[in-house]
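Working notes, beginning with the structure itself.
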Amino acid sequence: MPFFLSTSATATATPLCPPPSPYPSPHFRLPSPPRRGLAFLAASAPQRDLFPTPRQAMASLATSTAAAAAAEVTHLSQRDAADIDEQLMGPLGFSVDQLMELAGLSVATAVAEVYKLSEHTRVLIICGPGNNGGDGLVAARHLYHFGYKPFVCYPKRTAKPLYSGLVTQLESLAIPFVPVEDLPQDLSGQYDIVIDAMFGFSFHGTPRPPFDDLIQMLVSLSVVGDSAKRPPIVSVDIPSGWHVEEGDVSGGGIKPDMLVSLTAPKLCAKKFTGPHHFLGGRFVPPPISSKYGLELPPYPGTSMCVRIGKVPSVDISSLRENYISPELLENQVMPNPFDQFRTWFDEAVTAGLREPNAMALTTVNKAGKPSSRMVLLKGVDKQGFVWYTNYGSQKAHDLSENSNAALLFYWNEMNRQL
Ligand SMILES: NC(=O)C1=CN([C@@H]2O[C@H](COP(=O)(O)OP(=O)(O)OC[C@H]3O[C@@H](n4cnc5c(N)ncnc54)[C@H](OP(=O)(O)O)[C@@H]3O)[C@@H](O)[C@H]2O)[C@@H](O)CC1
Ligand SMILES: [K+]
């Protein structure tokens, strides 16, 4: 049955058409809306529920998470990682530029997924001389376009057109290149994230200058007790200085908070104990997967990265968002809340928000027990707001017993609710 929201403080719901059901045609009335609020509802004609039940949704989420965690993920030896690299860029027809672009984009998207821009703006990317460093240069560019403020430390530049091109691209964005000697000994005060793109799967031996000191800088950063007071460290493919297969052999190496494995995790990733392990490099073709028997988690939707393993439990009290929208003053809103709704709704649609017509509907049964559920708005006009439910649903029962109800639209990306 479609339900209306009425503009009038004493609105009585009118069915859109006579209800073809044994249930009575409900009339609903809501209390007067607050000046800038929109509050009202009413009802008629049967329809299916548009959202899965919370139980169904939870079950499906739990299944996919458990499946990803349960599946054995392949870890590559150094030899296999190099072989795969050669095959991709040989018989399989890829160029290094292409793979590096996708790898760096994966790193940037994984970083953005975990470390929100509102909390972490300044990103230091430390780049090494090889392709791992190239991934860092690409990630810096994408992070810039995502709104972050990258700084690049690139002490051993490689004189190849691929790398000089990446440097030129960053310079055209006015991204600062910071000489090693200008880095503060304690990086905490100046950066909100540090990306370690020094060495990847071709690392061998012990780090040579200046990377030995840079790695020590990250080691001292990672031993600061309170992780909330220091920038997180994100390692690209391998925590630099770790043995590619054995991991942090001495125990005195970098302890990254996040590892973004590329193509497939290397053996050392089994020793990674940080909270965020992601896989990136969404370009592995079936000939590689089957030849190396790769078991990798599927990438969700169009994402360039996927989390490996469990999602860490979060301290709910620490979750916060810095709202940066300008304040909303009484004289900036329209006198008619429905006009205001229409303006904001159109803006939400234009901004490309996902399901801007999703709204929380709260009904109350005759015993006074409230119940909320997400439903989809199907229309709005001078008479009110319309959505559908069926006559047997809990919402219909509640509304037939108690005409009080409330609607809430929440457009997070626009910092608006109504
Ligand atoms: N499909 C894929 O596989 C893809 C891979 N991609 C990325 O490529 C990465 C592998 O890149 P890579 O082979 O260029 O090696 P990498 O680890 O960056 O370093 C080599 C440089 O480090 C140097 N170096 C070594 N040891 C050192 C030491 N102890 N101390 C000092 N320097 C040392 C070494 O110098 P050398 O010892 O040879 O003189 C050389 O200059 C991989 O991990 C991933 O991030 C993506 O871009 C795309 C898809
Ligand atoms: K690295």
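Computed extension length for residue 303-residue 246: 17.5 nm, one decimal, from 0.36 nm per residue of separation with the Cα-Cα distance subtracted. Listed by chain and number, the lysines whose alpha-carbon sits under 20 Å from that of residue 271, ignoring those within fewer than 8 places in the same chain, are 255, 310. Residue 229: accessible area at probe 1.4 Å, nearest 10 Å²? Roughly 150 Å² of residue 229 is accessible to a 1.4 Å probe.
Please work out how much length the chain gains when fully extended from residue 159 to residue 97, using 0.36 nm per residue of separation minus the C-alpha to C-alpha distance, in nm with one decimal. Present the calculation step by step, with values, prior to reporting the outcome.
On the way: separation 62, 0.36 × 62 = 22.32 nm, distance 1.49 nm.
Contour length minus Cα-Cα distance gives 20.8 nm.
Using a cutoff of 8 angstrom between alpha carbon atoms and counting only pairs six or more residues apart, the relative contact order for the stretch 185-266 works out to 37 percent.
Assuming a ≥ b ≥ c are the square roots of the Cα gyration tensor eigenvalues, decide whether the stretch 78-312 counts as rounded (a/c under 1.5), prolate (otherwise, with a/b larger than b/c) or oblate. Intermediate results must be reported in sequence, preceding the final value.
Values: a/c = 1.36, a/b = 1.24, b/c = 1.10.
Here the stretch 78-312 falls in the rounded category.
Of all trypsin sites (Lys or Arg not before Pro) in the stretch 380-418, which ones are in loop regions per DSSP and have a Cβ with at most 15 other Cβ atoms within 10 Å? Of the trypsin sites (Lys or Arg not before Pro), the ones in loops of the stretch 380-418 whose Cβ has at most 15 other Cβ atoms within 10 Å are 382. Accessible area per residue for the stretch 78-312 is 43 Å², calculated with a 1.4 Å probe on protein heavy atoms, without ligands, DNA or RNA.
Might you tell me the accessible area per residue for the stretch 330-417, computed with a 1.4 Å probe and given in Å²?
The answer is 53 Å² per residue.
Per-residue SASA remark: residue 410, around 120 Å² accessible (1.4 Å probe; ligands, DNA and RNA not included).
What percentage of the solvent-accessible surface of the stretch 330-417, computed with a 1.4 Å probe over protein heavy atoms, is contributed by carbon and sulfur atoms? The value for the stretch 330-417 is 49 percent carbon and sulfur by accessible area.
Rolling a 1.4 Å probe across all protein chains gives residue 413 an accessible area of roughly 130 Å². Compute the label zone of residue 314 within the stretch 339-380: residues whose backbone N is under 18 Å from the point 7 Å along Cα-to-Cβ. Under cut-off, by backbone N: nothing.
Test of understanding: what is the full-extension gain from residue 168 to residue 79, defined as 0.36 nm times their sequence separation minus their Cα-Cα distance?
Details: separation 89, 0.36 × 89 = 32.04 nm, distance 3.28 nm.
This chain segment gains 28.8 nm when fully extended.
The values are calculated or read from the model by the stated rules, or taken from the named source; none is laboratory data. This structure is a prediction, so every number in the text was calculated from the model and none was measured. All Cβ positions, glycine included, derive from the backbone under ideal geometry; neighbour counts span all protein chains shown. The area values use the complete protein model at the heavy-atom level, side chains included, leaving out ligands, DNA and RNA. Shrake-Rupley method; radii C 1.70, N 1.55, O 1.52, S 1.80 Å.
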